[in-house]
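J.: Supplied in structure tokens, the structure appears directly below.
The values are calculated or read from the model by the stated rules, or taken from the named source; none is laboratory data. No experiment lies behind these values; they were computed from the predicted model shown. So basically every Cβ, Gly included, is an ideal-geometry build from the backbone, and we count neighbours across all protein chains shown. Protein only, heavy atoms only, side chains kept; ligands, DNA and RNA dropped before computing areas. Shrake-Rupley method; radii C 1.70, N 1.55, O 1.52, S 1.80 Å.
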Amino acid sequence: MIKVLIADDQAMVRQGFGALLSAQPDLVVVGDAADGAEAVAAARRFDPDVVLMDVRMPVMDGLEATRRLAGAERPKVVILTTFDLDDYVYEALRAGASGFLLKDAPAADLVHAVRVVAGGEALLAPSVTRRLIAEFAARPRPDRPRPVSLHALTARETEVLRMVARGLSNQEIAAALVLAEQTVKTHVSRMLTKCGLRDRAQAVVLAYESGLVAAGE
């Protein structure tokens, strides 16, 4: 059973998402929160697998709450956004979020998002990821030294990391490199382990901030 915590300052949103998720046989909503501070406290109390985190909330916003929850194996954080808040979205990924979801996404997408993130994957739909990547590319941080962990990657793993950072799915990477999709999954898993990354979201951040992938590539 996947345990979910919902953090949003709008009661109707919390109730609506809660009813939808609770209707799934493999999901259970263990609590909700109306602001970031409540979300952090509730996460420590209920130990959820996934937190659906709104960005704009009183007392403490979703970005700071995400930062305070980052570093642990769980919970995984999915940022809820209307996408007029791009700054918050990629800062949340830097803070450790495992992905993001549009607030007006279909109900099936919300359920899928929880399952994907709980399973250890990042919620980075290629079409949305590429928009996010454009923002990263426009804001390079050349002063940041390249992590030593990147040197531990094989040539193939480095190539896979670059493709992940450009928003390609495992299926697209497999087609481009003429590999079996399972082989790509293995390369991605090894790359994440060697770099000490939790998921693909962190891989995107690492690739751009380290300069491994630059604007225009």
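J.: Show the residues, 5+ positions off or on another chain, whose built amide H is closer than 5 Å to the amide H of Met60.
T.: Gly36, Ala37
J.: How would you order 193-199, 59-65, 182-188 from highest to lowest mean count of nearby Cβ atoms within 10 Å?
T.: 59-65, 182-188, 193-199
J.: Same structure, new question: Using only the heavy atoms of the protein chains and a 1.4 Å probe, how would Ile79, Ile2 rank by accessible area, largest first?
T.: Ile2, Ile79
J.: Residues with beta-carbon under 9 Å from that of Ala207, excluding Ala207: net charge, scoring Lys, Arg +1 and Asp, Glu -1?
T.: Once all neighbours under 9 Å are counted, the net charge is +1.
J.: Could I ask something else about it? May I ask you to rank Phe17, Phe46, Phe100 by accessible area, largest first, using a 1.4 Å probe over the protein chains only?
T.: Accessible-area ranking of Phe17, Phe46, Phe100, largest first: Phe46, Phe17, Phe100.
J.: Moving on. For Lys76, list long-range residues whose amide hydrogen, built 1.01 Å from N in the peptide plane, is under 5 Å from its own amide hydrogen.
T.: Hits under the 5 Å cutoff: Val50, Val51.
J.: Further question: Mean shadow of region 164-217, computed from the convex hull of its alpha carbons, in nm²?
T.: The number I arrive at for region 164-217 is 3.7 nm².
J.: Need one value: the accessible area of Val117 in square angstrom, 1.4 angstrom probe, rounded to the nearest 10.
T.: 0
J.: Across region 96-108, in residue order, what do the Karplus-derived ³J(HN,Hα) couplings come to in whole Hz, using 6.51 cos²θ - 1.76 cosθ + 1.60 with θ = phi - 60° and x for Gly and Pro?
T.: x, 5, 8, x, 8, 9, 6, 5, 9, 5, x, 4, 4
J.: Ok, one more. Could you compute how much accessible surface Val178 exposes when probed at 1.4 Å, giving the result in Å² to the nearest 10?
T.: Approximately 120 Å² of Val178 is accessible to the 1.4 Å probe.
J.: Continuing with the same structure: Go through region 28-39 residue by residue and turn each phi into a ³J(HN,Hα) via Karplus (6.51, -1.76, 1.60, θ = phi - 60°); whole Hz please, and just put x for glycine and proline.
T.: Once θ is set to phi - 60°, the couplings for region 28-39 become 9, 8, 8, x, 9, 8, 9, 7, x, 5, 4, 5 Hz.
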